[in-house]
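**Q** There's a structure below that I have some questions on.
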Amino acid sequence: MDTKTYNQIVSFIWSIADDCLRDVYVRGKYRDVILPMTVIRRLDAVLEPTKEAVLKMKEKLDEAGVINQTGALCSVTSQAFCNSSPFTLKDLKSRAKQQQLKADFIAYLDGFSPNVQGILEKFKFRNQIDTMVEADILGAVIEKFVSPTINLSVNPVLDDNGEVKIPALDNHTMGVIFEELIRKFNEENNEEAGEHFTPRDVVELMTDIAFLPVVDKITDGSYLIYDGACGTGGMLTIAEKRLQQLAEEYNKEISINLYGQEINPETYAITKADMLIKGEGLQAENIAYGSTLSNDGFPTKNFEFMLSNPPYGKNWKTDLERLGGKGDISDPRFNVSHNDEADFKIIPRSSDGQMLFLANKISKMKHDTEFGSRIVEVHNGSSLFTGDAGQGESNLRRYIIENDWLEAIIALPENMFYNTGIATFIWVVTNRKAMHRKGKTQLIDARSLKSPLRKNLGNKNCEFTSEIREQISNMLLTFEQTDHSKIFDNQEFGYHKVIIEKPLRLSVDLSKDNLESFAKVCEEQKDNEIMAVIHTLAEEFHYTRLSDYNLFLKELSKVANKLNVKLPAKRINLIKNNLAVVDENAEKVIKKVHKIGKVEVNSLYGLYEQNGNSVVEYEPDNSLRDTEQIPLLYDGDIEQFFKDEVLPFAPDAWIDESKTQIGYEINFAKYFYKPVQLRTLDEIKAEIYKLEIETEGLLEQIIGRRELC
């Protein structure tokens, strides 16, 4: 369908709302009527040609006393649904009395088969009937929807010569229309515009990426396609069509089963309706309702192909609480085993749950078949780098890359989507990499590969033509280094996050003024006993400043023993916090002393030899703590980096090995950065001369020639 027809349909449906609902509903509530009526009219248009035959069959079934008539009536309609009422929508537009119209309309709705009843329930449409009847607008709404100037059917309207008068409305285009209507309704109510509907050109690229690399491996048989954020179902239907087309080209006989899940009741109902309209009644049962994250609709299913455009930047705190809270999540999709870690958490922050949709799909990969699984999913840029080493986002990237499942990431142009202009990326994940891809990840920069639209569709101002889609797919298939395609070892994206410590250096001020202040603190803490110890020690050191805190503690212990005063940790901390100060010229504070031979000397990790008979660890100064990201591919690993980049500037530093973690991030801009070429001096001089010539005499023209005195 072309853009003109699409705009006509959107404008027509919106005009129904403005013409009929304006004085009855606030604009943000138009959706409560318009969306379900659009679906009802779409179903009605499919059933219209067989209505007479259905009524004849129903009459026979009634005479025979058959109670369950749905199957027989559906066989007459050749659809997965039917309507056994004596009415079509067109029949109802002529009702003069509102109460009769109400009764007939309810009978019409009641006539739909059970699978359609479930759709109507999700819309909560019956709640609107009384409001429309009381306002005397139900008939007007019906009359508008059955207008001969518009076609919401999957079949085209033909003229008397059999030529197409009004084109058919396929499922994906209907999804685009629904998305635009939902966006407009929400804007009127100052609500979020909903999730990002995926344009057809992007979906077609995604399906090519999913299928073309393995098209030669497709054999006769059954294939399962899954979308865990299926919206109005457009991605599933286009994927099915593309896979079927490729199978026919390769002379393969396949059956395709579609599975999806959707949390929004309206879009869920739309998906179910379109599945029924396609004649896929059984497939409609494979669309689950509810949150994919906290209520997985297919916990035991595995799929060959999984495609999605999940919501990004969306808070998932409610799902988090349903799963038990971040510390208690036991869902095996999000708690995995990796590198001998039985409880490797891949749970992101609660403010953005998009990566959980990827984790969900990874849990549904087939590992016991030669074909395996392929995942193609759209994300925004945060999935590439958000999360520090050891945090959920980084752990998920690590889990994918270290298992060698990341095949490629493709950067898309900005403004490719209807509801957002942000940068987006397609992740391609598979557990059956080709041999020449083993241990490698491909990055494809398609940001400049776009064709401008003549007219914007929301935020969307560009598209992928078939030629551009082929160009991007070929880059994936050929797997070669070019300006738009870079290939890296998997470890290129990994790093060690290392904590660098420096020793704490403390001096102790035992001056009389300082002791007076400390005495007040002890009085507040109701611990005057310790002052006797401090006064005795201060007198021994002549009320001076000690630059060796270790010596201070040693002498403090001696004096306390003499005076029979205990030194629990609380007292030591009281003294340390009030008498000791950080002093870069003081001696390092010793944390622990080990006997030589029991602990190996290793200054890299803070174990220093002392006097040839012991090994000491120093107390770290938290204010001097630093971190370093050391690439996994750094020549010589952590030790060499530390020697090259840290010790020359901080010779007393060491690494806290217990806090070293591995992280992964993918800095797309770094690999495709193109510096701006600076102009030469000759070019700059030439431009200055040109400006001088252009402005010669201009000043005189503006202010006039001054007379010399």
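**Q** As an exercise, identify the trypsin sites (Lys or Arg not before Pro) in the stretch 289-325 lying in DSSP coil whose Cβ has no more than 15 other Cβ atoms within 10 Å.
**A** Lys301, Lys314
**Q** Specify the angular offset, from 0 to 90 degrees and rounded to the nearest 10, of the alpha carbon long axis of helix 51-64 from the longest principal axis of the alpha carbons in the chain.
**A** 80 degrees
**Q** Relative to the compact globular guide of 2.2 N^0.38 Å, what is the alpha carbon radius of gyration of the stretch 565-613, as a ratio?
**A** After normalising by residue count via 2.2 N^0.38 Å, the value is 1.52.
**Q** Let me know the charge dipole size of the chain about its Cα centre in debye, to the nearest 20, where only the beta-carbon of Lys, Arg (+1) and Asp, Glu (-1) is charged.
**A** 1180 debye
**Q** I've got another one for you. Helix 234-249 against the longest principal axis of the chain: what's the angle in degrees, Cα atoms only, rounded to the nearest 10?
**A** Orientation of helix 234-249: about 80 degrees from the principal axis.
**Q** Quick one: putting +1 on the C-beta of Lys and Arg, -1 on the C-beta of Asp and Glu, what dipole do you get for the stretch 528-595 around its Cα centre, in Debye to the nearest 20?
**A** 480 debye
**Q** Could you report the chain's accessible area per residue, 1.4 Å probe, as an integer in Å²?
**A** 50 Å²
**Q** So how far apart, in nm, are the two label points at Ala107 and Glu696 if each is 7 Å from Cα heading toward Cβ?
**A** 9.5 nm
**Q** Stokes-Einstein at 37 °C, 0.692 mPa s, Kirkwood radius from Cα pairs: D for the stretch 283-400 in µm² s⁻¹?
**A** Rounded, D is 220 µm²/s.
**Q** Tell me, rounded to the nearest percent, the portion of alpha carbon pairs in the stretch 35-115 spaced more than 15 Å apart.
**A** On the way: 1828 of 3240 pairs.
Distances greater than 15 Å cover 56 percent of the Cα pairs.
**Q** Going through the stretch 531-614, which GluC sites (Glu not before Pro) have at most 12 other Cβ atoms within 10 Å and a DSSP loop state?
**A** Passing both the DSSP loop test and the Cβ count: Glu584, Glu600.
**Q** I need the fraction of alpha carbon pairs in the stretch 30-170 separated by more than 19 Å, rounded to a whole percent.
**A** 54 percent
**Q** What part of the accessible area of the stretch 561-706, given as a whole %, is carbon or sulfur when the probe is 1.4 angstrom?
**A** Of all accessible area on the stretch 561-706, carbon and sulfur atoms account for 49 percent.
**Q** Can you give the charge dipole size of the stretch 64-180 about its Cα centre, rounded to the nearest 20 debye, using +1 on the beta carbon of Lys and Arg and -1 on the beta carbon of Asp and Glu?
**A** Computed about the Cα centre, the dipole is about 340 debye.
**Q** Select from Ala586, Gly636, Leu604 the residue farthest towards the positive end of the dipole of the stretch 558-709; place +1 on Cβ of Lys and Arg, -1 on Cβ of Asp and Glu, and compute about the Cα centre.
**A** The residue sitting most towards the positive pole is Ala586.
**Q** With the dipole of the chain worked out from charges on the C-beta (+1 for Lys and Arg, -1 for Asp and Glu) around the Cα centre, which of Leu212, Asn7, Ser485 lies farthest toward the positive end?
**A** Highest projection toward the positive end goes to Asn7.
**Q** Can I ask one more? In vacuum, with every alpha carbon of the stretch 368-439 counted as one equal point scatterer, what does the Debye formula give for log10 I(q)/I(0) at q = 0.21, 0.27 Å⁻¹? Two decimals, please.
**A** Log10 I(q)/I(0), no solvent term: -0.97, -1.21.
**Q** Follow-up question, since we're still on this one. For the stretch 1-82, what is the Kirkwood hydrodynamic radius in Å, using each pair of distinct C-alpha atoms?
**A** Kirkwood radius, the stretch 1-82: 15.4 Å.
**Q** Can you work out D for the stretch 600-667 in µm² s⁻¹ from Stokes-Einstein, where Rh is the Kirkwood radius over C-alpha pairs, the temperature is 37 °C and the viscosity is 0.692 mPa s?
**A** Values: Rh = 13.6 Å.
It comes out at roughly 241 µm²/s.
**Q** Tell me the mean residue ellipticity at 222 nm calculated for the chain from its helices only (DSSP H runs of n ≥ 4, each -39500 (n - 2.57), averaged over every residue, nearest 500). Please list the in-between numbers first.
**A** Working: 27 runs with 284 residues, N = 709.
Taking each H run of at least 4 residues, the total per residue is -12000 deg cm²/dmol.
**Q** Per residue, what volume in Å³ does the Cα convex hull of the stretch 191-291 take up?
**A** Dividing the Cα hull volume of the stretch 191-291 by its residue count gives 103 Å³.
**Q** I need the phi-derived Karplus couplings for the stretch 175-180: 6.51 cos²θ - 1.76 cosθ + 1.60, θ = phi - 60°, integer Hz, Gly and Pro marked x.
**A** x, 4, 5, 4, 4, 5
**Q** In the stretch 204-273, what percent of the accessible surface is made up of carbon and sulfur (1.4 Å probe, ligands and nucleic acids excluded)?
**A** Looking at the stretch 204-273 in its full context, I get 44 percent from C and S.
**Q** Right, another one. Taking 0.36 nm per residue of sequence separation and subtracting the Cα-Cα distance, how much length would be gained by fully extending the chain between Gln629 and Lys562, in nm to one decimal?
**A** Taking Gln629 through Lys562 to full extension adds about 19.1 nm, to one decimal.
**Q** Compute the Rg to Rh ratio over the stretch 192-244 from the alpha carbon atoms, using the Kirkwood formula for Rh, and round to two decimal places.
**A** Numbers: Rg = 12.5 Å, Rh = 12.2 Å.
Result for the stretch 192-244 is an Rg/Rh of 1.02.
**Q** Give the carbon-plus-sulfur fraction of the accessible surface of the stretch 347-393 in %, rounded to a whole number; probe 1.4 Å, heavy atoms of protein chains only.
**A** Details: 630 of 1320 Å².
Heavy-atom surface of the stretch 347-393 belonging to carbon and sulfur, 1.4 Å probe: 48 percent.
**Q** Limiting things to C-alpha atoms, what are the Rg and the maximum Cα-Cα separation (Dmax) for the chain, in angstroms?
**A** So, for the chain, Rg and Dmax equal 36.2, 123 Å respectively.
**Q** Would you mind checking Lys520/Lys566; Lys497/Lys674; Lys217/Lys361; Lys588/Lys643; Lys29/Lys241; Lys51/Lys272 for any pair whose Cα atoms are more than 25 angstrom apart?
**A** Details: Lys520/Lys566 20 Å; Lys497/Lys674 28 Å; Lys217/Lys361 21 Å; Lys588/Lys643 21 Å; Lys29/Lys241 35 Å; Lys51/Lys272 22 Å.
Over 25 Å Cα-Cα: Lys497/Lys674; Lys29/Lys241.
**Q** Right, something else. Compute the distance in nm between two label points, each set 7 Å from the Cα along the Cα-to-Cβ direction, one at Lys526 and one at Lys643.
**A** According to this spin-label approximation, the distance is 5.8 nm.
**Q** Let me understand the stretch 515-572 better: what is its radius of gyration from the alpha carbons, and its Dmax, in angstrom?
**A** 11.1, 28
**Q** With Rg and the Kirkwood Rh both taken from Cα atoms, where does Rg over Rh land for the stretch 103-175?
**A** Details: Rg = 15.4 Å, Rh = 14.7 Å.
For the stretch 103-175, the value is 1.05.
**Q** Could you pull out the trypsin sites (Lys or Arg not before Pro) across the stretch 14-114 that fall in loop regions by DSSP (anything but H, G, I, E, B) with no more than 10 other Cβ atoms inside 10 Å?
**A** Numbers: sites: Arg22, Arg27, Lys29, Arg31, Arg41, Arg42, Lys51, Lys56, Lys58, Lys60, Lys90, Lys93, Arg95, Lys97, Lys102; in loops: Arg22, Lys93, Arg95, Lys97.
Passing both the DSSP loop test and the Cβ count: Lys97.
The values are calculated or read from the model by the stated rules, or taken from the named source; none is laboratory data. Only a predicted model underlies this, so the values are computations on that prediction, with no experimental measurement involved. Quick reminder, even Gly has a Cβ in these numbers, built from the backbone with ideal geometry, and neighbours come from all protein chains shown. Heavy atoms of the whole protein, side chains included, go into the accessibility calculation; ligands, DNA and RNA do not. Shrake-Rupley method; radii C 1.70, N 1.55, O 1.52, S 1.80 Å.
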